[in-house]
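**Q** Supplied in structure tokens, the structure appears directly below.
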Amino acid sequence: MNYRHAFHAGNFADVFKHALLVRLLLYLGRKDAPFRIVDTHAGEGAYDLSGDEAERTGEWRGGIGRLAELSGATEPAAALLKPYLECVGPFVGGRPLLYPGSPLISQRLMRAKDRAIFCELRPDAFDALARRFARDKRVKAINLDGYTGVGAFVPPVERRGLVLIDPPFERVDEFQALLDSFLTAYRKWPTGTYALWYPVKDPAQVRAFIEGIRRSEARRALRLELSIGGSGDRLNRTGLIVVNPPYVFEDESREIGAYLAQRLAQGQGAELLIETLTGE
Ligand SMILES: C[S@@+](CC[C@H](N)C(=O)[O-])C[C@H]1O[C@@H](n2cnc3c(N)ncnc32)[C@H](O)[C@@H]1O
């Protein structure tokens with residue numbers, strides 16, 4: 001396990017994933033009944049973008065670094081991104097004081113009655129995660145393989161909520177593990193909302209994964225991909241599958257994604273793709 005998210009925190013892929021995650025959590029918070037979040041690959045929880053790792057790659061500069069001001073955003077895109085930027089918090093000199101990972105975003109949008117389970121396998125990342133949330137009784141951080149965790153933690157007692165599966169894509173079989181863990185969880189909890197993150201590096205692997213979702217029993221599955229264009233020597237395309245999205249989510253994602261494709265573009269070919277894989 002060499003992957004450390006600190007090198008990539010706040011990059012274009014994080015911005016896309018986290019901006020959409022915020023919309024999903026806000027929707028869950030609209031109803032009175034409590035919800036639960038299961039974050040299978042939680043990471044450290046939050047990242048210091050002035051730290052060594054973030055400085056070494058500078059990836060955040062092409063992501064959250066471009067959103068200190070929402071220049072050129074239409075009114076709907078700016079309004080939809082505002083809660084994400086509130087989760088990110090203050091910028092100093094064009095850099096967020098602290099970049100929130102998915103656990104901190106979740107914590108910021110949970111109410112007193114909501115609960116979260118964060119799994120992280122890497123011991124040092126887990127220690128940071130556990131320390132950060134030690135005093136929050138709503139949150140349980142567990143040093144566990146998230147692929148095992150997801151099958152064990154659904155359905156939650158609340159019967160409402162979100163499963164985020166956001167693996168590091170280090171294993172050669174990571175797409176298969178992602179698909180299998182989703183299928184297992186979905187069979188046990190078909191009414192949950194699921195967000196599955198993936199990088200687009202190997203188109204054949206992505207195609208096989210997408211076909212796996214298409215052939216699944218998922219009642220409604222959306223594929224959302226953002227490309228920032230450019231030469232492609234670095235990752236420049238990323239995707240999120242959202243199963244059982246709230247009904248407003250597709251329209252909201254279109255606004256957010258179209259803005260990010262333009263604002264985060266690195267060159268020719270920047271685009272947003274939204275495709276319905278199952279359902280209407
Ligand atoms: C892409 S990062 C997660 C980022 C996080 N979800 C966020 O949005 O801030 C993937 C994390 O998964 C951890 N990891 C790797 N294999 C794992 C496994 N089998 N189960 C749980 N965590 C794992 C890595 O150490 C890394 O911190």
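The values are calculated or read from the model by the stated rules, or taken from the named source; none is laboratory data. If you're wondering where the values come from, they're calculated on a predicted model, not measured in any experiment. Here the Cβ positions follow ideal geometry from the backbone for every residue, glycine too, while neighbour counts run over all protein chains shown. Side chains included, ligands, DNA and RNA excluded: accessible areas come from the protein's heavy atoms. Shrake-Rupley method; radii C 1.70, N 1.55, O 1.52, S 1.80 Å.
**Q** Within the stretch 35-138, list the trypsin sites (Lys or Arg not before Pro) lying in a DSSP loop whose Cβ has at most 10 other Cβ atoms in a 10 Å radius. Could the numbers behind the result be given before it?
**A** Values: sites: 36, 56, 61, 66, 108, 111, 113, 115, 131, 132, 135, 137, 138; in loops: 111, 113, 135, 137, 138.
The qualifying sites are 135, 137.
**Q** Kindly write out, for the stretch 216-225 in residue order, the coupling ³J(HN,Hα) from the Karplus curve 6.51 cos²θ - 1.76 cosθ + 1.60 (θ = phi - 60°), rounded to whole Hz, with x marking Gly and Pro.
**A** 6, 8, 3, 5, 9, 10, 10, 10, 10, 10
**Q** What are the semi-axes of the equivalent ellipsoid of the stretch 5-278, taken as the square roots of 5 times the eigenvalues of the Cα gyration tensor, listed largest first and rounded to whole Å?
**A** Working: eigenvalues 125, 98, 74 Å².
Working through the eigenvalues yields semi-axes of 25, 22, 19 Å.
**Q** If you don't mind, there's one more thing I want to ask. Counting other Cβ atoms within 10 Å, keep those with at most 11, restrict to DSSP loop, and tell me which chymotrypsin sites (Phe, Trp or Tyr not before Pro) in the stretch 172-280 are left. Numbers along the way, then the final one.
**A** Values: sites: 175, 182, 186, 194, 197, 209, 247, 249, 259; in loops: 247.
Within the stretch 172-280, the qualifying chymotrypsin sites (Phe, Trp or Tyr not before Pro) (loop, at most 11 other Cβ atoms within 10 Å) are 247.
**Q** Something else now. Which of the aspartates and glutamates could be linked to residue 17 by a straight reach, that is with a Cα gap under 12 Å, when you skip same-chain ones fewer than 8 residues away?
**A** Straight-distance partners of residue 17: 166, 225.
**Q** Taking the Cβ-Cβ separation of residue 137 and residue 75 as r and a Förster radius of 41 Å, what is the calculated FRET efficiency to the nearest 0.05?
**A** On the way: r = 39 Å, r/R0 = 0.95.
Efficiency, rounded to the nearest 0.05: 0.60.
**Q** Tell me, how many Å apart are the Cα centres for the stretch 1-56 and for the stretch 134-187?
**A** Taking the Cα centre of each part, the stretch 1-56 and the stretch 134-187 sit 14 Å apart.
**Q** Between residue 148 and residue 31, take the C-beta separation as r, use R0 = 35 Å, and let me know the FRET efficiency to the nearest 0.05.
**A** Working: r = 30 Å, r/R0 = 0.85.
Here the calculated transfer efficiency is 0.70.
**Q** Antiparallel as a % of all DSSP beta bridges within the stretch 5-278, to the nearest 5?
**A** On the way: 25 of 41 bridges.
Here the antiparallel bridges make up roughly 60 percent for the stretch 5-278.
**Q** Which of the lysines could a cross-linker bridge to residue 31, judged by Cα under 20 Å and excluding same-chain residues fewer than eight apart?
**A** Once the sequence-local lysines are set aside, what remains near residue 31 is 113.
**Q** Need one value: the accessible area of residue 92 in square angstrom, 1.4 angstrom probe, rounded to the nearest 10.
**A** Using a 1.4 Å probe on the heavy atoms, I get roughly 90 Å².
**Q** Residues with amide H under 5 Å of residue 47's amide H, sequence separation 5 or more or different chain, H placed in the peptide plane at 1.01 Å from N; which?
**A** Amide H neighbours of residue 47: 99, 101.
**Q** Let me know the shape class of the stretch 31-166, please: from the alpha-carbon gyration tensor, a ≥ b ≥ c as square roots of the eigenvalues, rounded when a/c is under 1.5, otherwise prolate if a/b is greater than b/c, or oblate.
**A** On the way: a/c = 2.21, a/b = 1.36, b/c = 1.63.
Judged from the Cα gyration tensor, the stretch 31-166 comes out oblate (a/c at least 1.5, b/c at or above a/b).
**Q** Quick one: which residues, 5 or more positions from residue 270 or on another chain, have an amide H under 5 Å from its amide H? H modelled 1.01 Å from N in the peptide plane, none for Pro or chain starts.
**A** 229, 230
**Q** Using a probe of 1.4 angstrom, how much of the accessible area of the stretch 5-278 is carbon and sulfur, in percent? Mind dumping the intermediate values first?
**A** Working: 5840 of 11650 Å².
Here carbon and sulfur together make up 50 percent of the probe-accessible area.
**Q** So for the chain, averaging the separation of alpha carbon pairs under 8 Å that are six or more residues apart and normalising by length, what relative contact order in percent results?
**A** In percent, rounded to a whole number, it is 21.
**Q** So which GluC sites (Glu not before Pro) in the stretch 103-204 end up in coil per DSSP with only 13 or fewer other C-beta atoms within 10 Å?
**A** Values: sites: 120, 158, 170, 174; in loops: 120, 158, 170.
Filter output for the stretch 103-204: 170.
**Q** Can you tell me the dipole magnitude for the chain around its Cα centre, using point charges on the Cβ only (Lys, Arg +1; Asp, Glu -1), in Debye to the nearest 20? Spell out each step's value before the answer.
**A** Numbers: 38 positive and 36 negative charges, 185 e Å.
I would put it at about 900 debye.
**Q** Same structure again: Hey, rough spin-label estimate for residue 53 and residue 217, points 7 angstrom out along Cα→Cβ, what's it come to in nanometres?
**A** 3.8
**Q** Quantify how much of the Cα-Cα distance distribution of the stretch 95-137 extends past 16 Å, in percent.
**A** On the way: 366 of 903 pairs.
Result: 41 percent of Cα pairs exceed 16 Å.
**Q** Bin width 10 Å, alpha-carbon pairs only: give the P(r) of the stretch 149-280 as whole percents, running from 0 to the bin holding the largest distance.
**A** 12, 41, 35, 11, 1
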